[in-house]
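Engineer: Structure below; questions to follow.
Quick note: the coordinates plus some simple rules give every number you see, no bench work behind them. Just so you know, these numbers come straight off a predicted model, no measurement behind them. Neighbour counts are summed over all protein chains in view; Cβ atoms, including those assigned to glycine, are modelled from backbone coordinates with ideal geometry.
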Amino acid sequence: MEFGARQRSLDGLQAWCLDCCREYQREYARLNRDPARHRESQSRYRARHREKLHAHELLRSVVRSGRMVVPIWCQRCGCVTKLEAHHSDYSKPLAVDWLCSICHGLAHRSGNGKKHVRL
């Protein structure tokens, strides 16, 4: 059996094997998702958040082309992990803070930039 990676678990692996996860997700989608309703919901979101989506798309293309390099440490707490781009202002799509997932969540919830201690 093969297990997927999960950074938050002690051993670094998911609790379910990949085959079981896939089977569960397919069955859930088959029973609970309405494709037409999902498309409609996505369309409404895109219409409401055009500037946000444009900023994400532009930043993604700049990073992919190599014109911007993603640092290896969080700009708030200094931990070394996979980072996420945080836009304080979507009208400036390339002005981002590179944060770990915990600091990114704190930035969205509190806005005051508290630091956390990574275990």
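Engineer: GluC sites (Glu not before Pro), restricted to the range 1-51: which are DSSP loop and have at most 14 other Cβ atoms within 10 Å?
Structural biologist: Answer by residue number: 2.
Engineer: Out of the chymotrypsin sites (Phe, Trp or Tyr not before Pro) in the range 62-102, which ones are loop residues according to DSSP with at most 15 other C-beta atoms within 10 Å?
Structural biologist: Of the chymotrypsin sites (Phe, Trp or Tyr not before Pro), the ones in loops of the range 62-102 whose Cβ has at most 15 other Cβ atoms within 10 Å are 90.
Engineer: Further question on the same structure: What trypsin sites (Lys or Arg not before Pro) does the range 37-113 have in DSSP loop regions with at most 11 other beta carbons within 10 Å?
Structural biologist: Qualifying residues, ordered by number: 67, 82.
Engineer: To continue, here is another question. Give, in nm to one decimal, the length gained when the segment between residue 51 and residue 26 is fully stretched (0.36 nm per residue of separation minus the Cα-Cα distance).
Structural biologist: Stretched fully, the residue 51-residue 26 segment lengthens by 5.7 nm.
Engineer: Same structure, new question: At residue 41 and residue 61, where each label point lies 7 Å from the Cα along Cα→Cβ, what is the point-to-point distance in nanometres?
Structural biologist: Those two pseudo-labels are separated by 2.9 nm.
Engineer: State to the nearest 20 debye the size of the charge dipole of the chain about its Cα centre, where the only charges are +1 on K and R beta carbons and -1 on D and E beta carbons.
Structural biologist: 400 debye
Engineer: Right, here's the next one. Whose amide H sits under 5 Å from the amide H of residue 17, counting only residues 5 or more places off or on another chain, with H placed in the peptide plane?
Structural biologist: Excluding prolines and chain starts, which carry no amide H, there are no hits.
Engineer: Convex hull over the Cα atoms of the chain, averaged projected area in nm²?
Structural biologist: The number I arrive at for the chain is 10.2 nm².
Engineer: Further question: Counting other beta carbons within 10 Å of each Cβ, put 103, 17 in order, fewest first.
Structural biologist: Ordered by Cβ neighbours within 10 Å, fewest first: 17, 103.
Engineer: Given 0.36 nm per residue, what is the gain on full extension from residue 88 to residue 68 after removing their alpha carbon distance, in nm?
Structural biologist: 5.4 nm
Engineer: Neighbouring Cβ atoms within 10 Å as the yardstick, rank 68, 1 fewest first.
Structural biologist: 1, 68
Engineer: Let me check against my output: what whole-number percent is the relative contact order of the chain, with C-alpha pairs under 8 Å and at least 6 apart?
Structural biologist: Relative contact order here is 15 percent.
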